[in-house]
Amino acid sequence: MGPLTTNGLPPEITIRHKLRAGDIGSVTYLHGTLYAAECGWDHTFEAYVAGPLAEFGKSHNDRERIWIVEKDEKVAGSIAIVGASTDEAQLRWFLLHPSLRGQGIGRILMDDAIGFCRESHYSRVFLWTESALTAAASLYQAWGFRLTEQNTHELWGTVITEQRYDLILS
C-alpha cells in the first residue's frame, strides 16, 4: 500500500454514497463471483443479493445509505445500512474485493456505517453472515456486535451456518 489520502484511503480508492447506473449489477456480480470462488456458493446467492439490492435502489430513504467502494473507478466493494424498523437497522452487502482487504478499508466502512446508524437515531443494528467468514466476524465483534442466533441448513448450493449479530447503540 502506497501513500494515503487525508481520509486514510489509498489515492486510487474512492467511496461514494450515490448509486450510479450499473452499481446494482456490479455489487451483485461482485458478491456472486467472489463468494462462489471463496465459499463455493451457487447462483442462488447472487439472486439473494440482487432482489433486496434492487429494491433498495428503487426506494431507499434518508435513514438508509450505501457506500460504494471504487478502485481505479471500478466497483470493488460495498456496505449498506437499511432500515428494518423505526428503531432497528440492518447492515447489508458488506464486501471488499480481495485485493483491498487488510488495508483498513473495512474498518473505515464499519466506522462510517455505525456512525450513520447513530446519527439516524437507530437503537440497534443487526446483520446476517455465514460462519465461514471469520475475518468479517472478527471485525463485527471489534465493533461490539454479539452473536445472537445461528441456523445450519442447506442454502446457496451447500450447507451453511447463518449467524445473526446484534449491536445495541443506546
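Being farther than 23 Å from K18 by Cα and charged (D, E, K, R), is that true of even one residue in segment 38-49? Taking every residue of segment 38-49 in turn, at least one turns out to be farther than 23 Å from K18 by Cα and charged (D, E, K, R).
For segment 125-146, the set of residues classified as assigned to a strand (DSSP E or B), more than 17 Å from L95 (Cα to Cα) and open to solvent by less than 80 Å² (accessible area, probe 1.4 Å) consists of V125 only. Just one of the numbered conditions (1) in a strand (DSSP E or B); (2) surrounded by 13 or more Cβ atoms within 10 Å (Cβ to Cβ) is not true of E149: (2).
If you go through segment 108-120 one residue at a time, do you hit one that is more than 18 Å from the chain's Cα centre (by Cα), assigned to a strand (DSSP E or B) and of a type outside the set (F, W, Y)? No.
How many residues does segment 78-96 hold that are in a strand (DSSP E or B) and either modelled with pLDDT under 95 or out of contact with any Lys or Arg (no Cβ under 7 Å at 6 or more places or on another chain) (or both)? Looking only at that region, the number is 10. Among residues of segment 106-133 that are β-branched (V, I, T), those with a beta-carbon under 6 Å from a residue that is assigned to a helix (DSSP H, G or I) at least six positions away or on a different chain give the pairs V125/C117; T129/A136. Checking each residue in segment 152-170 for being open to solvent by 90 Å² or more (accessible area, probe 1.4 Å), under 29 Å from D42 (Cβ atoms) and touching a Ser or Thr at 6+ places or on another chain (Cβ under 7 Å) picks out T152, V159. Hey, any hits in segment 1-14 for a residue that's open to solvent by 50 Å² or more (accessible area, probe 1.4 Å) and closer than 25 Å to W156 by Cβ? Checked segment 1-14: no residue is open to solvent by 50 Å² or more (accessible area, probe 1.4 Å) and closer than 25 Å to W156 by Cβ.
Every condition in (1) more than 30 Å from V159 (Cβ to Cβ); (2) free of Cβ contacts under 8 Å to residues at least 12 places away in the same chain is met by A37 except one, and the failing one is (1). Out of curiosity, is S99 under 25 Å from K18 (Cβ atoms), open to solvent by 30 Å² or more (accessible area, probe 1.4 Å) and outside any loop (DSSP other than H, G, I, E, B)? Considered against the rule, which asks whether it is under 25 Å from K18 (Cβ atoms), open to solvent by 30 Å² or more (accessible area, probe 1.4 Å) and outside any loop (DSSP other than H, G, I, E, B), S99 comes out as yes.
The values are calculated or read from the model by the stated rules, or taken from the named source; none is laboratory data. Just so you know, these numbers come straight off a predicted model, no measurement behind them. Neighbour counts are summed over all protein chains in view; Cβ atoms, including those assigned to glycine, are modelled from backbone coordinates with ideal geometry. Areas reflect the complete protein model, heavy atoms only, side chains present, ligands, DNA and RNA absent. Shrake-Rupley method; radii C 1.70, N 1.55, O 1.52, S 1.80 Å.
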